[in-house]
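J.: Dumping the structure here so I can ask a few things about it.
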Number of protein chains: 2
Amino acid sequence: MDKESVKVIPLGGLGEIGKNITVIEYEDEIIIIDCGISFPDEDMYGVDLVIPDIKYLLDKKEKIKGLFLTHGHEDHIGAIPYILKQINIPVYGTKLTLGLVENKLKEHRILDVSTIISVHTGDIIELDKIKVEFIKATHSIADSCSLAIYTPLGVILHTGDFKIDYTPIDGRLMDLGRIAQLGREGIMLLLADSTNVERQGHSLSEKVIGETLIKIFSNAKGRVIVATFASNIHRMQQIIDASVKYNRKVIFSGRSVENISQVAMELGYLHVPEETSIPIEEINQYPNENITIITTGSQGEAMAGLSRIAYGSHRNIFIERDDLFLISASPIPGNDKLVSRVINQLFRKGADVIYEDLEDVHVSGHAYQEELKLIHRLVHPKYFMPVHGEYRHLKHHSDLAKKLGMKPSDVFTLETGQVLEITGDGVNTNKRVHTGTVFVDGLGVGDVGNIVLRDRRDLAKYGMITIVVAIDRHSYSIVAGPDIITRGFVYVRESEELISKIKEVSRMEVEGCLENKNLEWQVLKTGVKKSVEHLVYNKTKRRPIVFPIIMEV
Amino acid sequence: MDKESVKVIPLGGLGEIGKNITVIEYEDEIIIIDCGISFPDEDMYGVDLVIPDIKYLLDKKEKIKGLFLTHGHEDHIGAIPYILKQINIPVYGTKLTLGLVENKLKEHRILDVSTIISVHTGDIIELDKIKVEFIKATHSIADSCSLAIYTPLGVILHTGDFKIDYTPIDGRLMDLGRIAQLGREGIMLLLADSTNVERQGHSLSEKVIGETLIKIFSNAKGRVIVATFASNIHRMQQIIDASVKYNRKVIFSGRSVENISQVAMELGYLHVPEETSIPIEEINQYPNENITIITTGSQGEAMAGLSRIAYGSHRNIFIERDDLFLISASPIPGNDKLVSRVINQLFRKGADVIYEDLEDVHVSGHAYQEELKLIHRLVHPKYFMPVHGEYRHLKHHSDLAKKLGMKPSDVFTLETGQVLEITGDGVNTNKRVHTGTVFVDGLGVGDVGNIVLRDRRDLAKYGMITIVVAIDRHSYSIVAGPDIITRGFVYVRESEELISKIKEVSRMEVEGCLENKNLEWQVLKTGVKKSVEHLVYNKTKRRPIVFPIIMEV
């Protein structure tokens, strides 16, 4: 018989950035913490989103008691519509988090969710044997939480994404008191955010941005256009406050900024004085020095607001003299070149641009080393497992815990798919469960996989050459072709000689087979493919994909 | 008649990173400064290198008196083989720079260069009316120079790439005295490196790295494996010095590290005590604590040494317990994710890794604000034009010059292709010359252009669907097909229904045309293409490239 045990199973988010989802199991009870997306790597051509593979959960549906959300960022809630299509379970979260989830479900036309349950921090959700408590945390989105999960074997504290901000914009402090109390009572396992473990010291308070904004707004002569993360309600609040102070109307521009600000206003998380917010259509009714625009595109995305403005393709906003752009965000890894391109273009058009390299217009939402140390000291858990980070972050977070005095045998650096199983006797980490990535491309979920991506990569690198020949299987003769079609290979007009060589080689190859009365398609095709690949590589040192198509008529 | 004038024409490097090449013309005399490559953007699929388009120079060949090199980095010398194939001109540079150029020419099997002329700093090359003086500069490669170009209208000072290092590894100081003297005598135009204009303060001396290395080497228990830029001879020297101090043999691993260290040793720029350097084959003859490996791959490149080691595909080097990896470089924009991936993999394999986020293992080779201010103050030119940077850097460098007191009308923020023409009366910047980018892909130079790249991008994003039909133009009937071939689109096995719909739609479209006795190929093809695109977009929201191929038999 199995011993009584608690399993913690990361189905995503450990050893990778994004798609955070953690499963906690005690006997026949399962809860899920968060369910996010990640964004495709640059070599995942054509992929729109990456969601976690939840096969592991599908044959345990009846055991799953709920999905518990720490906060409303995409990498924690983005995959909920996809999971709810397969598993209908209650979703627990604070008000703003659920507001953002509901917005998302509407877009996916999911209306018959069994239950969306709004909780307050301090609430304890009692399931059968597991209980979950929501605890106030501070992060770059309002209404964030840590979770205390009570199991019969002990308490698990999951920090969620957090920083320790002693002066949060909404005054809602991280509940360090409650965490300390739980720590004194005894915590079995700590799961803590590792994102910024490589940064020394303490992160700056969001409030710092407000001071920079006041300085910038006080000098701005024309419009101020701020690109930021749409979900950073506190950042938005500070932009609004600075605008009000300097007598500016505020325009929300771009789908996600409009949606999220709308949700946040309705739920009371964003406070915009009456008549401060104006629709974009009224932009010309006010002098430029009375206008602030909040828009998207702080990551250089081609289709987002800021980029459209920079390249002159925005419907309503055109660059004017004295425009001042603020990029109030840090480029996420991989996006720095895109962001830089947009900045260059704005400067070229004569605008002024302020960004992180020049001023304090962004602070991180994740705890630095000193903040992590505080949490470790308050919690002093029996076991520790770092979460939310690439492998290097998890490794350094484990090192940090050891430096703070934890026994190496009590610290577990695991990755997505590895199971942390706690029994009364100790911890076992040898089990693995099925995990993976599911690609969302257009309407397709999972119909693009690694083979399709490999083909896209090959096509991207060298293009392709299609060779079509029609043969008569009775007379063993070519009746049409070979015709050569290329895409992404070379300028055909400048490579006529090569193309006619390809034709010649293909014809010879087919004729050779026909002479031998060999009509094995596979042999024919392979022969043409090999000869053409060989020819092309010798002449160009390139390896386009060669498709021979033989038609029998 | 034209007035006497000096033209400064950037054919590359302004408003972009890389492919630095500047033309200076006085009457019928032309000189070229540098001739570099740039690396392809992430959306230039399959492109190996980008070189400047030098069409502008081709019909002026006989006027070109020489190519003058500031230093041996790829973005300043990498395109020389390509330009020398079209224009055979003397090449002037310091010893190490020319050593690296000759290495490159050998690889391109260019042996009949008219002249490669080695100069010493202090030398003045006298052409017909122009004179060029080489002046010592400090940078992240040895033997770097600034150039003073004497024209009948005045002196142009081109800083080249530089930083002001008061403690350079080779003791060869930047010749600030000579620059000051020229400044006192009067400089007409300053062209200065803008790369780090956004960084406040003063760059750190290369020597700082040496101190970090000593600290790291003194604690290392196993092998130390350092990935760095192969061209950074001074960095290499410091790694060798630390190795000698701690009784380690040094292995140079990887083509560029081997080549460049060889050239640098032969020319006396790199000093490796006898018996310190060992071939990689002898790696197992020494205990791990007596081994240092210098390798490539500090930018995360898939095929470079470090990445091969990380992923277990290196021929000679396998990760062992206590291995310590140093990444002694900063990821260049766009490479941070690649570098991070390699770091994660090294940690996973149990190695320790030290990189820029953790320790001072890299310093920049380009001047920060305070260094730039010093140069501006010493030179106090009549005119200033920032070079070597993206537009944002050029813009900020111009702002810096103005803050230092220059008249805005004497400062020129130009980009590649814009001509700065100086006459006795003043400056004209209205002229433009032809410039552009030439893509090198395998053996092809210029046979891949924007249309080919657009096709590659489209193929990469959605893949392609080929539809082949053979028709008999006499009986107006389909004799074979339609056959459907897809690549990079969907898993065919999971999308049988869609594929058969595509077949059906194609057949209907062709039969429709045949019924009407319409054999206009273009009409037929367009019909099939449109119908299939429509079908596929509706079903999947994707836009694969659709190639209809109609064969007549």
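The values are calculated or read from the model by the stated rules, or taken from the named source; none is laboratory data. Predicted model, so just to flag it, every value in this text is computed and none were measured. So basically every Cβ, Gly included, is an ideal-geometry build from the backbone, and we count neighbours across all protein chains shown. Surface accessibility is based on the protein's heavy atoms, side chains included, excluding ligands, DNA and RNA. Shrake-Rupley method; radii C 1.70, N 1.55, O 1.52, S 1.80 Å.
J.: Return the residues of the range B:325-335 that are buried (at least 19 other Cβ atoms within 10 Å of the Cβ) and within 11 Å of chain A (Cβ to nearest Cβ); say none if nothing qualifies.
T.: If the condition is that a residue be buried (at least 19 other Cβ atoms within 10 Å of the Cβ) and within 11 Å of chain A (Cβ to nearest Cβ), then B:P331, B:G334, B:N335 are the ones that fit.
J.: Another question, if that's okay. Tally the residues that are facing chain A (nearest Cβ under 9 Å) and either closer than 16 Å to A:D399 by Cα or open to solvent by less than 50 Å² (accessible area, probe 1.4 Å) (or both), restricting the search to the range B:336-354.
T.: Number satisfying all stated conditions: 9.
J.: Still on this structure: Considering the range B:343-394 alone, what residues qualify as being of a type in the set (S, T, Y) and in contact with a His (Cβ under 6 Å, 6 or more places away or on another chain)?
T.: The one that is of a type in the set (S, T, Y) and in contact with a His (Cβ under 6 Å, 6 or more places away or on another chain): B:Y368.
J.: Further question: For the range B:317-330, does any single residue satisfy the condition of being more than 18 Å from B:R223 (Cβ to Cβ) and among the aliphatic types (A, V, I, L, M)?
T.: Checked against the condition, which is being more than 18 Å from B:R223 (Cβ to Cβ) and among the aliphatic types (A, V, I, L, M), the range B:317-330 yields at least one hit.
J.: Still on this structure, please answer the following. Do you know which residues across the range A:437-449 are open to solvent by less than 20 Å² (accessible area, probe 1.4 Å) and part of a loop (DSSP other than H, G, I, E, B)?
T.: Selection gives A:V448, A:G449.
J.: Could you list, in sequence order, the residues of the range B:137-188 that are of a type in the set (V, I, T) and within 30 Å of B:Q238 (Cβ to Cβ)? Break it down stepwise before answering.
T.: Let us first name the residues in the range B:137-188 that are of a type in the set (V, I, T), namely B:138, B:141, B:149, B:151, B:155-156, B:159, B:164, B:167, B:169, B:179, B:187.
Listed by number, the residues that qualify are B:T138, B:I141, B:T159, B:I164, B:T167, B:I169, B:I179.
Table: residues versus (1) in a helix (DSSP H, G or I); (2) closer than 24 Å to A:S38 by Cα; (3) not aromatic (F, W, Y).
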{"residue": "A:Q262", "(1), (2), (3)": "yes, no, yes"}
{"residue": "A:E274", "(1), (2), (3)": "no, no, yes"}
{"residue": "A:I283", "(1), (2), (3)": "yes, no, yes"}
{"residue": "A:R315", "(1), (2), (3)": "no, no, yes"}
{"residue": "A:I327", "(1), (2), (3)": "no, yes, yes"}
{"residue": "A:R341", "(1), (2), (3)": "yes, yes, yes"}
{"residue": "A:N344", "(1), (2), (3)": "yes, no, yes"}
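J.: Condition test on B:K85, is it over 18 Å from the mean Cα position of the chain (by Cα) and either in the same structural domain as B:V132 (by TED's automatic domain parsing) or at pLDDT below 95 (or both)?
T.: Yes, satisfied.
J.: In the range B:483-523, how many are within 10 Å of chain A (Cβ to nearest Cβ) and either open to solvent by less than 90 Å² (accessible area, probe 1.4 Å) or at positive phi (or both)?
T.: 11
J.: What number of residues within the range A:496-509 satisfy the criterion of being modelled with pLDDT of 85 or more and either over 45 Å from the mean Cα position of the chain (by Cα) or closer than 17 Å to A:Y476 by Cβ (or both)? Working first, answer last.
T.: First pass over the range A:496-509, keeping only residues modelled with pLDDT of 85 or more: A:498-509.
Those left that are additionally either over 45 Å from the mean Cα position of the chain (by Cα) or closer than 17 Å to A:Y476 by Cβ (or both): A:500-501, A:503-509.
Total satisfying the criteria: 9.
J.: State yes or no: is B:T121 out of contact with any helix residue (DSSP H, G or I) (no Cβ under 7 Å at 6 or more places or on another chain), modelled with pLDDT of 95 or more and assigned to a loop (DSSP other than H, G, I, E, B)?
T.: yes
A quick yes/no check of all residues on (1) in the same structural domain as A:I278 (by TED's automatic domain parsing); (2) of a type outside the set (S, T, N, Q); (3) at pLDDT 95 or above:
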| residue | (1), (2), (3) |
| --- | --- |
| A:I214 | yes, yes, yes |
| A:N219 | yes, no, no |
| A:S231 | yes, no, no |
| A:Q237 | yes, no, yes |
| A:Y246 | yes, yes, yes |
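J.: Here are some conditions: (1) of a type in the set (A, V, I, L, M, F, W, C); (2) touching a residue at least 24 places away in the same chain (Cβ under 8 Å); (3) open to solvent by less than 10 Å² (accessible area, probe 1.4 Å). A:V452 meets all but one. Which one does it not meet?
T.: It is condition (2) that A:V452 fails.
J.: How many residues does the range A:228-253 contain that are under 24 Å from the mean Cα position of the chain (by Cα), open to solvent by less than 20 Å² (accessible area, probe 1.4 Å) and farther than 20 Å from A:P168 by Cα?
T.: Selection size over the range A:228-253: 1.
J.: Being more than 25 Å from A:G365 (Cβ to Cβ) and in a loop (DSSP other than H, G, I, E, B) is the filter here, so list the residues in the range A:303-313 that pass it.
T.: From the range A:303-313, those more than 25 Å from A:G365 (Cβ to Cβ) are A:308-313; that's our starting set.
If the condition is that a residue be more than 25 Å from A:G365 (Cβ to Cβ) and in a loop (DSSP other than H, G, I, E, B), then A:Y311, A:G312, A:S313 are the ones that fit.
Conditions (1) of a type outside the set (V, I, T); (2) in contact with a helix residue (DSSP H, G or I) (Cβ under 9 Å, 6 or more places away or on another chain); (3) at pLDDT below 95, marked per residue:
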{"site": "A:L324", "(1), (2), (3)": "yes, yes, no"}
{"site": "A:S328", "(1), (2), (3)": "yes, yes, yes"}
{"site": "A:G334", "(1), (2), (3)": "yes, yes, yes"}
{"site": "A:V363", "(1), (2), (3)": "no, yes, yes"}
{"site": "A:A367", "(1), (2), (3)": "yes, yes, no"}
{"site": "A:H376", "(1), (2), (3)": "yes, yes, no"}
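So that you can scan it fast, the table gives a plain yes or no per residue for (1) among the aromatic types (F, W, Y); (2) open to solvent by less than 20 Å² (accessible area, probe 1.4 Å); (3) over 26 Å from B:I125 (Cβ atoms):
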{"position": "B:V8", "(1), (2), (3)": "no, yes, no"}
{"position": "B:T22", "(1), (2), (3)": "no, yes, no"}
{"position": "B:Y26", "(1), (2), (3)": "yes, yes, no"}
{"position": "B:I32", "(1), (2), (3)": "no, yes, no"}
{"position": "B:V47", "(1), (2), (3)": "no, yes, yes"}
{"position": "B:P52", "(1), (2), (3)": "no, yes, no"}
{"position": "B:E62", "(1), (2), (3)": "no, no, no"}
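J.: Still on this model: Kindly provide the set of residues from the range A:273-302 that are over 26 Å from A:H366 (Cβ atoms) and acidic (D, E), ordered by number.
T.: If the condition is that a residue be over 26 Å from A:H366 (Cβ atoms) and acidic (D, E), then A:E274, A:E275, A:E281, A:E282, A:E289 are the ones that fit.
J.: Now for a different question. How many residues does the range A:328-352 hold that are within 20 Å of B:I332 (Cα to Cα), touching a residue at least 40 places away in the same chain (Cβ under 8 Å) and of a type outside the set (A, V, I, L, M, F, W, C)?
T.: 4
J.: Further question on the same structure: Among the residues of the range A:363-376, is there at least one that is hydroxyl-bearing (S, T, Y), open to solvent by 30 Å² or more (accessible area, probe 1.4 Å), outside any helix (DSSP H, G or I) and assigned by TED's automatic domain parsing to the domain that holds A:I141?
T.: yes
J.: Going through the range A:404-449 one residue at a time, which ones are at the interface with chain B (Cβ under 10 Å from one of its Cβ atoms), on the phi < 0 side of the Ramachandran plot and without any contact (Cβ under 8 Å) to a residue 40 or more places away in the chain? Even if it seems obvious, please write down each step before you answer.
T.: Let us first name the residues in the range A:404-449 that are at the interface with chain B (Cβ under 10 Å from one of its Cβ atoms), namely A:413, A:415, A:441-444, A:446-449.
From the residues that got through so far, the ones that are on the phi < 0 side of the Ramachandran plot too are A:413, A:415, A:441, A:443-444, A:447-449.
A:T413, A:L443, A:G444, A:D447, A:G449, listed by residue number.
J.: Still on this structure, please answer the following. Which members of the range A:529-553 meet the condition of being open to solvent by less than 20 Å² (accessible area, probe 1.4 Å), within 14 Å of chain B (Cβ to nearest Cβ) and farther than 20 Å from B:V440 by Cα?
T.: The answer is A:V546, A:F547, A:P548, A:I549, A:I550, A:M551.
J.: Another question, if that's okay. (1) within 11 Å of chain A (Cβ to nearest Cβ); (2) open to solvent by less than 20 Å² (accessible area, probe 1.4 Å): which one isn't true of B:I465, the others all being true?
T.: Here B:I465 meets the rest and fails (1).
J.: Could you tell me how many of the residues in the range A:216-249 are assigned to a helix (DSSP H, G or I) and either touching a residue at least 24 places away in the same chain (Cβ under 8 Å) or in contact with a Phe, Trp or Tyr (Cβ under 8 Å, 6 or more places away or on another chain) (or both)?
T.: 16
J.: Tell me whether the range A:176-188 contains one or more residues that are in a helix (DSSP H, G or I), among the polar types (S, T, N, Q), free of Cβ contacts under 8 Å to residues at least 24 places away in the same chain and surrounded by fewer than 19 Cβ atoms within 10 Å (Cβ to Cβ).
T.: To start, the set of residues in the range A:176-188 that are in a helix (DSSP H, G or I) comprises A:176-185.
Retained after the next criterion (residues that are among the polar types (S, T, N, Q)): A:181.
Add one more test, that the residue is free of Cβ contacts under 8 Å to residues at least 24 places away in the same chain, and what stays is A:181.
Checking the rest, the ones that are also surrounded by fewer than 19 Cβ atoms within 10 Å (Cβ to Cβ) come to A:181.
There is at least one residue in the range A:176-188 that is in a helix (DSSP H, G or I), among the polar types (S, T, N, Q), free of Cβ contacts under 8 Å to residues at least 24 places away in the same chain and surrounded by fewer than 19 Cβ atoms within 10 Å (Cβ to Cβ).
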